[in-house]
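Below: one structure, written as structure tokens.
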Amino acid sequence: SVLGRTPAGCSVYASTSFSCSVTCGRVSFVLGLHGACASYDTACSASLVAKHGSVRALQRRECDAALSAGVNMILDPATMRGNATAGFTSVRGRSHTFDVRADGYARGEACGAVTLRQGGAAAGVGVHGSAVRQDGRSASLTAPSGQAQQGLLVAALADAGAVVDALGLSEAHGTGTALGDPREAGSLAGAVLQRREMGSGPLAVGGVKANIGHAEAAAGLT
């Protein structure tokens, strides 16, 4: 819609510029990639779901390396107005993650990408497990389900073959809402803390959105 209001809207390339499927196809075209190419639209989990697809493709030996990316750019005020009208965004303009001042999130821009390879942990960073789930029926479309979140955490740990005592840090979704943050903290407590042995140490919880805002489609990888 932004492009259509500029002279570039008359370009021969304009008709393909609006499609997310073409966008990721352009990346494969430029880099000469021949593996599976797909765009994911699962809102703020999109780039993490894309990473999940990369992990599974590597595990099935469908490819030797996989690229996952997420981009969010604020180019038009329409989405901002819509989110504010729905009550999603903070009137203070800040994501107060796990804070009594939490009243919604602040939008942020980001562009992130990761390359995954078999045996990548040898380089110092590794993905040991992954899980994707949906809340199913909850109080409303945007209301989180603590029970579903606990199930997701348990599934991710099981996929990684990890024990809860080995966890030292959890990077939280932490949008900065009065409903979502307590529910997420409670889910972490139920799925992780209550299963840990005595003396296993604290679990640190991070929330990058408090510093850079909610990068929406790119939030997962951020």
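The values are calculated or read from the model by the stated rules, or taken from the named source; none is laboratory data. Note that the structure is a prediction, hence the values are computed from the model and not measured. So basically every Cβ, Gly included, is an ideal-geometry build from the backbone, and we count neighbours across all protein chains shown. Keep in mind that these areas ignore ligands, DNA and RNA; they rest on the heavy atoms of the full protein, side chains included. Shrake-Rupley method; radii C 1.70, N 1.55, O 1.52, S 1.80 Å.
Checked against the criterion of being modelled with pLDDT under 90 and over 20 Å from the mean Cα position of the chain (by Cα), region 139-159 contains one or more residues that satisfy it.
Which count do you get for residues in region 89-103 that are in contact (Cβ under 8 Å) with a residue 40 or more places away in the chain and open to solvent by 80 Å² or more (accessible area, probe 1.4 Å)? The qualifying residues number 2. G201 fulfils the conditions (1) modelled with pLDDT under 90; (2) under 28 Å from G53 (Cβ atoms) except for a single criterion, (2).
Put simply, of S47, S130 the only residue that is assigned to a loop (DSSP other than H, G, I, E, B), open to solvent by less than 80 Å² (accessible area, probe 1.4 Å), of a type outside the set (D, E) and closer than 27 Å to C20 by Cα is S130. Whenever a residue of region 199-214 is under 21 Å from D103 (Cβ atoms), its partners that are outside any loop (DSSP other than H, G, I, E, B) and open to solvent by 50 Å² or more (accessible area, probe 1.4 Å), lying with C-beta atoms within less than 9 angstrom and at least six residues away or across chains, give the pairs V205/L169; V205/E171; G206/L169; G206/E171; G207/E171; V208/E171. Cβ-Cβ distances below 8 Å connect the following pairs, each with a first residue in region 25-46 that is without any contact (Cβ under 8 Å) to a residue 60 or more places away in the chain, a second residue that is open to solvent by 50 Å² or more (accessible area, probe 1.4 Å) and among the β-branched types (V, I, T), and a separation of six or more residues or different chains: L33/V27; C37/V27; S39/T23.
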